[in-house]
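Okay, structure first, notes after.
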Amino acid sequence: MRDLINEIWNSVRNNKLRTALTGFAVSWGIFLLICLLGAGNGIINSFQGSSDRFVTNSMVVWGGRTSLPANGYREGRWIELDKGDIEITKGKEFEDNIGIVAPVTNEVNDNLVLGTKSMKTSMSGVTPEYMGIEKVILQKGRFINPLDLKEQRKVVVLGTRHEQEFGADLLGRWINMHGFSFRVIGIYQSDESDWRASAYIPYTTMKGIFYPGDDIGQISLTFNGIRNLEESQVFEKKYTSRLKTHHDAFPDDPNAIWTWNRYSQNARISQGQRLISIGMWILGILTLISGIVGVSNIMLISVKERTHEFGIRKAIGAKPGKILSLIIAESVSITAFFGYVGMGIGMLACEIMDKTLGQQSMNLGFDTIKMMDNPTVGLDVALEATLLLIVAGTLAGLIPAWKAAKVKPIEALRAE
C-alpha cells in the first residue's frame, strides 16, 4: 500500500501541470454543480416561504378601475368594494365554495410613536377571521376578538419587528399613531421581508376613525372544493363577474376587480419549483460531465506519455493488473482530492450567497420576498455528487488503464 501511495505521489509531483489541469476540471465541475443547486434551492425556498405565510386556498379581492363601458358608465371608473360585496360573498350563491370571509380596511400609513422614538408603519382594520387566512402567528398576547369589534376598542396588534425597532417589550403599553393612542394587546411574528411593518386594529375602530361609510378596502376569503388550477380559475371568474355586476361593471372587464388568487399562485410556484430543480440538475450534470471528459482526456494523455515507462515495468516482471491498479488509483486519488476541494469551495460559496443575496428582498407587487432563502445544499447531496464524480473519474481512467495494461512490452519500449 505504501509503495502504491509513493508511486502516485511521484507521478503527481513529476506531472504538476497535468495534475493541476485534471484537478481544476474536477473541482470546477463539483463547484458549479453545488452553486447551481444552492441557488436553485434558494429561489425555491424564497417562493415557498412566501406561500407559507397564508392559507393557499385563499384569495384577496380589491376594487379596480374599469377598462370597458357598461350600463351607461364610461371606462376609467374606480370601483370601491362595499357591504354589498360582503353580503354576496357570504350569500347562498357561493356557500358551497367560500369558507372564511374577512373584510379588511384600506391602510393608513403613518409614524408609530412611543416616547421619543417613531417608526413608519402600515395600519389596517381587520376582524378575528383575518388571523386564520393570513396565518398571523402570535408570539405573546392575543389577536383582535369580537368584543373589540363590538366596543370599537382602541387596541392594536404589533409585530416583533416593532419591538426590535423600539427596543422594548410593547405588550400592554400605549402607543400613538395618527394622533390616537392604542393599547398593544398582542405581538405577532413579523416576516423579515415585511417592509411595511404591518399593525392591526379592530375593523370597526378603523372604520369609525378613518373610513366611515360602507366602503371597504379588500376582502380576504378562503374557498373549498377546489381540486386543481382549472377549477380555481373557473371559481375566480364566476365570483369576480358577480361582484362586477353588483358595481354596474362589464362582467368580463379584466380590470374592474383585482384579485390575488393564492391557490393559482401556489400551483404556478410548485410548477416553477419543479422546472427550476430539473433545470439546475441538468445544468449541473452537464457541467459534471465536462469535468469527467476532462479527466478522461488527461488520463489518455498521461497513459500515452508513460507508455515507455509501462513497457519497462512489464519487461522487469510487472503484471498487467499492477499497471491497471496504478493508473486507476492515480485517477481515483486525483478525482477524490480535488472533488472534495470543489465541494468545500462550493458550499462556502453557498454560504456567501446566503449572507449577501439572502439578505436582500424583491417586491413582486402583491408580496415582498427574499431574493434567496437559505441557498445551500445538504451535505448528503454534496457528498453524493462528489462520490458520483469519483466513480465517473474511476471509469474515465479505466479505459486508458486497460489499454496500457494490454500493450506488449516490446511495443511499449519502442514508444517515444
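Any read-out appearing in this document is the output of simple, stated calculations on the displayed coordinates, not a laboratory observation. No experiment lies behind these values; they were computed from the predicted model shown. Neighbour counts run over all protein chains shown; Cβ positions are idealised from the backbone, glycine included.
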Principal axis lengths of segment 147-293 from Cα atoms, whole Å, largest first?
72, 50, 26
18 Å Cα-Cα threshold exceeded, pairs from LYS117/LYS207; LYS120/LYS140; LYS150/LYS207; LYS83/LYS207; LYS135/LYS355; LYS83/LYS154
LYS117/LYS207; LYS120/LYS140; LYS135/LYS355; LYS83/LYS154
Report the Cα centroid-to-centroid distance between segment 214-268 and segment 58-89 in angstrom, as an integer.
11 Å
Projected label distance in nm at GLN139 and LEU383, using a 7 Å step from Cα toward the beta-carbon:
3.6 nm
The local net charge around ASP252, scoring Lys/Arg +1 and Asp/Glu -1 for residues other than ASP252 whose Cβ lies under 9 Å from its Cβ, equals +1
Within 10 Å, count the other beta carbons around each residue, average over each peptide in 33-41, 87-95, and list them highest first.
33-41, 87-95
